[in-house]
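Notes for the one structure printed next.
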């Protein structure tokens with residue numbers, strides 16, 4: 001008996017280290033292969049988020065020229081993906097090809113799945129025009145949460161909500177001892193969210209003298225409210241992100257109560273939970289939804305709420321550990337790569353017919 005021929009999919013991603021590329025597409029490739037879907041996902045040499053170097057920005061007259069040249073390069077390195085999409089049976093586009101503009105998307109082979117995990121249409125009018133045009137041309141939008149799915153319902157022929165998965169075999173609990181550690185992980189673009197809770201965090205550190213705060217990002221944050229000797233900065237890298245999370249007693253996910261905040265997919269929270277770490281989060285959008293699924297953390301709106309939540313878990317370490325353990329079970333049951341890959345494979349087979 002001959003083996004069934006796998007479905008051939010060409011994935012067009014933002015970049016090798018872009019979070020949306022890593023967690024929405026690249027981590028699913030091996031599992032999809034086992035499910036009869038062969039995904040070619042070669043990240044381009046130039047990330048779509050690359051920017052003009054500071055050395056060139058110092059020369060104002062060079063900046064516009066360099067920006068146009070970089071944009072052209074970003075589009076050019078994605079031309080092979082367009083060509084290869086015509087040899088595939090399905091194209092999987094992670095976000096738009098370059099921010100704020102419609103470029104090569106009309107030339108991608110259809111059926112097209114448009115994968116979106118942020119409210120990217122809010123960034124500018126140019127973003128919204130491009131996003132609507134891509135959605136209208138797609139066979140289905142893979143939306144990272146219910147808020148995104150509702151917005152795309154009027155812009156795309158079909159929408160399927162696909163949560164961002166966590167590799168539970170990699171992000172997993174580890175034995176923890178020592179001081180009570182509160183932590184936050186994110187990128188330079190999201191450091192503003194951390195600043196939202198710097199004052200209650202400072203009050204917590206003052207009330208809990210044997211605790212400390214750890215932050216992982218690509219740039220060190222400026223947190224003048226916090227005592228420098230109680231803050232440890234870890235520069236983000238793929239090979240340290242799991243070990244960082246495993247050191248935490250509680251993970252933070254503050255978000256603004258805005259449409260942009262509601263467009264977030266709570267992935268930071270899910271990473272904490274997968275590592276058995278209790279979460280204290282803004283009950284906004286999907287953060288509130290995950291809190292309602294199981295007893296895995298605490299919601300906090302005001303500065304007083306954030307302080308009280310941290311003190312509650314600091315004083316009741318058993319409860320913190322119990323919330324983290326229940327979070328781990330929730331991730332395994334509903335947000336693991338195995339679960340989400342099976343959903344993706346089913347969707348891809350359906351839209352390739």
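Taken together, the values in this text are just the output of simple stated rules run on the coordinates, not laboratory data. Just so it is clear, the structure is predicted and the values come from calculations on it, not from any experiment. In this analysis, Cβ positions are derived from the backbone assuming ideal geometry, glycine residues included, and neighbour counts consider all displayed protein chains.
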Defining a contact as two alpha carbons under 8 Å apart and six or more residues distant in sequence, what relative contact order in percent does the chain show? 15
Take 120, 46, 97 and order them by how many other Cβ atoms sit within 10 Å, fewest up front. 46, 120, 97
In degrees rounded to 10, the 0-90 angle between helix 337-351 Cα long axis and the longest Cα principal axis of the chain is 20
Return 346, 154, 249 ranked ascending by Cβ neighbour count within 10 Å, so the fewest neighbours appear first. 154, 346, 249
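Tell me, in nm to one decimal, what length is gained between residue 329 and residue 73 on full extension, where the rule is 0.36 nm per residue of separation less the Cα-Cα distance?
Residue separation times 0.36 nm, minus the Cα-Cα distance, leaves 87.8 nm.
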If you build a Gaussian network model of the chain, linking Cα atoms that sit under 10 Å apart, which residue out of 302, 85, 336 swings the most? 302
Of 116, 82, 240, the most mobile residue in a GNM of the chain (C-alpha springs, cutoff 10 Å) is 240
Rounded, prolate or oblate, given the Cα gyration tensor of region 180-335, with a/c below 1.5 counting as rounded? rounded
Can you classify region 252-353 as rounded, prolate or oblate using the Cα gyration tensor, where a ≥ b ≥ c are the square roots of its eigenvalues, rounded means a/c under 1.5, and otherwise it's prolate if a/b beats b/c and oblate if not? oblate
Estimated distance in nm for a label pair at residue 225 and residue 258, the labels positioned 7 Å out from Cα along Cα-to-Cβ: 1.8
If R₀ is 30 angstrom, what is the calculated FRET efficiency for the pair residue 83 and residue 124, using the beta carbon separation as r and rounding to 0.05? 0.55
Mean residue ellipticity at 222 nm from the helices of the chain, using -39,500 (n - 2.57) per DSSP H segment of n ≥ 4 over the full residue count, to the nearest 500 deg cm²/dmol? -11000 deg cm²/dmol
Calculate how steeply helix 198-207 sits against the longest principal axis of the alpha-carbon atoms of the chain, using the helix alpha-carbon long axis, and give the answer as 0 to 90 degrees to the nearest 10. 30
Relative to the longest principal axis of the chain, what angle (0 to 90°, nearest 10) does the C-alpha long axis of helix 303-315 take? 70
So how much slack lies between residue 243 and residue 188, counting 0.36 nm per residue of separation and subtracting their Cα-Cα distance, in nm? 17.8 nm
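Arrange the following residues from fewest to most other Cβ atoms within 10 Å of their Cβ: 109, 351, 81, 28.
Arranged by neighbour count, lowest to highest, 109, 351, 81, 28 become 109, 351, 81, 28.
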Would you mind calculating the relative contact order of region 96-178 from Cα pairs under 8 angstrom and at least 6 residues apart, reporting the percent as a whole number? 25
